[in-house]
Amino acid sequence: MKVLNILDSTLKKIEEFILSFSIITIAAMVCGNAIARNFLSSSWAFAEEISRLALFMATFMGISYVARKGRHLSMSAVYDNVPFKFRKALATIIPFFTAIVLFVFAYYSWLYIESTIQSGRVTSALRLPYYVMLIWAPLGFILGGIQFLRNFWINVRNKDVYLAVERKDYDDDDDADNPSLL
């Protein structure tokens, strides 16, 4: 159990670093390219590709992060207006099916990456293999699926309703006490 908690906190720090790094990279590339274009009369050929790579990183790694924090999009109009037992059932079923969908997406995105590898496609400016851009999709889908399975499990194991392992339902912005996962 302690090993899982260490792995989880390490993964959380890695996700936070990747998200922060990618957002900072996007800002630096876009601003730097705009400054270069306006003051030096030339654009950076690589800026668009680096920004796209960082956007892919932020988008797909963000799936896992927001699932961990309970900050993902949800259809709360029905969920917020049903009795506790039904809300508990929804909070258990929805993450389970979401995890399945994410694992299916991971499978199909991996198939796409394999076809991209076989095609030998590269980016135009940096000549990077294009799968370097795409590898974030299956990685994010798998990690997101794992987080949603954790969300499912925390709702199976506990009486209260949890939006995520780190967030109880209607917990405002405060993190919930970390309940036992096993």
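FYI, it's all coordinate maths here, none of it is from the lab. A quick note: this is a predicted structure, and the numbers were derived from the prediction, not measured. Don't worry about glycine lacking a Cβ; one is built from the backbone with ideal geometry, like all the others, and counts go over all protein chains shown.
Brief remarks on what is shown
- Each Cα pair under 8 Å and six or more residues apart adds its separation to the average, and for the stretch 2-168 the resulting relative contact order is 28 percent.
- In the chain, helices alone account for a calculated mean residue ellipticity at 222 nm of -24000 deg cm²/dmol, with every DSSP H run of four or more residues adding -39,500 (n - 2.57).
- Highest mean packing comes first when the peptides 44-51, 65-72 are listed by Cβ atoms within 10 Å, giving 65-72, 44-51.
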